[in-house]
Structures are given as structure tokens and as C-alpha cells.
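Undergrad: The structure's right below; bear with me while I get my questions together.
The values are calculated or read from the model by the stated rules, or taken from the named source; none is laboratory data. A quick note: this is a predicted structure, and the numbers were derived from the prediction, not measured. Cβ sites come from the backbone with ideal geometry, for glycine too, and all protein chains shown count toward neighbours. We work out accessible area using only protein heavy atoms, side chains counted, and drop any ligands, DNA or RNA first. Shrake-Rupley method; radii C 1.70, N 1.55, O 1.52, S 1.80 Å.
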Amino acid sequence: FKTMMIESSGLREEFESSGDSVHVFFNKRIKDVSADHLLRCLSSDEYFKFVILRDPFARLVSGYLDKFAKHVVPEKFVQDIILSVQTYLGVPIDVEKSITFSQFIDYLDRTPDRLLNDHWRPQHTFVASVDFNLVGQFESLSDVTTSLERKFLIQIRQFVSNHLTQYKVFESTLDFHTMYPHQLRKLDGMPTASQMFTPSLISKTQLRYMQDMRLCQTQFGVINALS
């Protein structure tokens, strides 16, 4: 959607000649935009506002696998979380060993919303009090793109990155939630949400992300990545 906004604006040539990734280019262009201005945009009828919500269980597994499990050397903010968790647990500091999914959920459970990275901060904190013109569902992303294409008479490129997680449904009963990233990377694909969550982790996540669960259910009815 960042690519869509750039390609549909007057910035397309500048973006293509910059050589930057869409994220780097986008951040450079908005770095001088104040929070007050953005909030005014979100409350203004001059703009078409849309948001895409994702099943909380699938979102957390996706965030963990993408930011922790897939990288031998993760991004700096992920390394900071690893150090924080290992210090909390009183175990030797080992960024490359990283943390398990179970330890990640425990970290989310004890960390206030304001201290969480955007990738796993509860979604309701982003959308509160905003009157969106379109609320889309990640699990039905093609419906969102179709609606936007018809609304603005544009064509949205849906495959703009190789930044995808290859999931696999395993027949084994491995305890994926206690496996460390280097162990997960040895698998032939990554486990799905239903295989990463145990009953205990489900209960903990339901309590921690209760408002997100209600938000998604209100908008779309019951959705469950664990079924």
C-alpha cells in the first residue's frame, strides 16, 4: 500500500530514480510531517481513510517468524528485545540464539502497549476514534484492493516484494513454541499459527489482545487463525 500511494502520486519518478526501498523512501518523505498534522488528516473529511485489520493470532506468529526466526542477525530493535528478555529470564546474553515464541508471548504479556513495536502493538491503539471510510480484513486482502481500485480508478500491484514467509502444515507434534530461531530455520518451512500456539498461549494472548479480538469480531464476525 505504500507502493500504491507513491505510484499514484507525483512522487513516482523520484521514487524509481532514488534506488531506495519503499520503506526508506516513504520515511524520508514524511519525516518532517508533524503528528498534529497527521491527526488532523485522520479527522478530516477531505481524505479517504482506510485500515486493514488482521487476526491477532496470525499477526503475532507472522511478526515473530519474520522479525526473529528468519534472521541470524535480526534488526536492532529486535536485538534490544532479545537482550531485554534474556536479562529478565536471567540467562546468558546470546542474540544469535534469540528467544522462543513462548518467551516472545510472555514478553508481550508483561510489556505496556506504549513500549511495544508497531508490528505487535495492539491494533486498536492505532484505530481508536478514527472514522474510516473502509475497514478491510487482511485475510480478504483482494477485496480491499478491488475496492480501492474501483474507488480511485487505479491498478494496485499486489506482488512488490519477496518479503514473504513460507508456511507449512507439519504432521509432526514438535513443540514449535519452545524452539529457538536457529531450530525453526532448519525446518522445511515455518509453522502456522495453529501449530505455534498452545492452549496456555492462546489463553494468555486472548487476555492480552482482548480489545483486538473484539474489534475484529465487530467488523468481520468471528475470525480465527487457529481453526
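Undergrad: Quick one: net charge of residue 157's neighbours, Cβ under 15 Å, K/R +1, D/E -1? Intermediate values should be presented prior to the final figure.
TA: Details: positive: 2, 12; negative: 7, 16, 149.
That sum, taken over residues with Cβ under 15 Å, equals -1.
Undergrad: If you count only protein heavy atoms with a 1.4 Å probe, what accessible area per residue comes out for the chain, rounded to a whole Å²?
TA: Numbers: 13830 Å² over 227 residues.
Accessible area per residue, the chain: 61 Å².
Undergrad: Quick one: accessible surface of residue 61, probe radius 1.4 Å, all protein chains present, in square angstrom to the nearest 10.
TA: 0 Å²
Undergrad: Shifting gears a bit: Which sequence of 20, 109 reflects their accessible areas, 1.4 Å probe, from the largest down? It would help to have the intermediate numbers written out before the result.
TA: On the way: 20 45, 109 75 Å².
Of 20, 109, the descending order of accessible area is 109, 20.
Undergrad: Still on this structure, please answer the following. Among [x] 29, 20, 15; [y] 34, 22, 15; [z] 32, 21, 19, which one is semi-axes √(5λ) of the Cα gyration tensor in Å computed from these coordinates?
TA: Here the calculated entry is [z].
Undergrad: Okay, moving on. Can you tell me, using C-alpha contacts under 8 Å and at least 6 residues apart, the relative contact order of the chain as a whole percent? Don't skip to the end; give the middle numbers.
TA: Numbers: 198 pairs, mean separation 66.0, N = 227.
Relative contact order of the chain: 29 percent.
Undergrad: Right, here's the next one. What angle, in degrees between 0 and 90 and rounded to the nearest 10, separates the Cα long axis of helix 141-152 from the longest principal axis of the Cα atoms of the chain?
TA: So the helix axis and the longest Cα principal axis differ by about 10 degrees.
Undergrad: Among 136, 115, 126, whose Cα projects farthest towards the positive end of the dipole of the chain, with charges put on the beta-carbon of Lys, Arg (+1) and Asp, Glu (-1)?
TA: 115
Undergrad: Just to be sure I understand: with springs between alpha-carbon atoms less than 10 Å apart, which residue in 173, 198, 125 has the highest mean-square fluctuation in the Gaussian network model of the chain?
TA: In this elastic network of the chain, the residue with the biggest mean-square fluctuation among 173, 198, 125 is 173.
Undergrad: For the chain, which span is the longest to avoid every loop-located (per DSSP) member of chymotrypsin sites (Phe, Trp or Tyr not before Pro) having at most 11 other Cβ atoms inside 10 Å? Show your work: numbers first, answer last.
TA: Values: sites that count: 47, 48, 159.
Here the longest segment lacking exposed loop sites spans 49-158.
Undergrad: Only Lys, Arg, Asp and Glu count, each charged at its Cβ (+1, +1, -1, -1), so figure out the dipole size of segment 83-227 about its Cα centre, rounded to 20 debye.
TA: 140 debye
Undergrad: Based solely on its DSSP helices, what 222 nm [θ] is calculated for the chain when runs of n ≥ 4 H residues each add -39,500 (n - 2.57) and the sum is averaged over all residues, nearest 500 deg cm²/dmol?
TA: Details: 13 runs with 109 residues, N = 227.
About -13000 deg cm²/dmol.
Undergrad: Separate question: Hey, can you grab everything whose amide H is under 5 Å from the amide H of residue 136? Only 5+ residues off in sequence or another chain; H modelled, so Pro and N-termini drop out.
TA: For residue 136, the qualifying residues are 51, 52, 53.
Undergrad: Now for a different question. What do you get for GluC sites (Glu not before Pro) in segment 116-179 restricted to DSSP loop and a cutoff of at most 11 other Cβ within 10 Å of the site's Cβ? Could you put the intermediate results ahead of the total?
TA: Details: sites: 139, 149, 171; in loops: 171.
Sites meeting the loop and neighbour criteria: 171.
Undergrad: Also, quick follow-up: Once phi is turned into θ = phi - 60°, what whole-Hz ³J(HN,Hα) does the Karplus curve with 6.51, -1.76 and 1.60 give for every residue of segment 52-68, x standing for Gly and Pro?
TA: Coupling constants for segment 52-68: 10, 9, 10, 3, x, 5, 5, 5, 5, 5, 4, x, 5, 5, 6, 9, 9 Hz.
Undergrad: At 1.4 Å probe size, with the rest of the protein present, what percent of the exposed accessible area of the chain is carbon and sulfur atoms? Walk me through the numbers before you get to the answer.
TA: Values: 7090 of 13830 Å².
Its accessible area is 51 percent carbon and sulfur atoms.
Undergrad: Of 148, 206, 190, which is farthest on the positive side of the dipole of the chain, counting Cα position, with +1 on Lys and Arg Cβ, -1 on Asp and Glu Cβ, and the Cα centre as origin?
TA: Checking the options against the dipole of the chain, the answer is 206.
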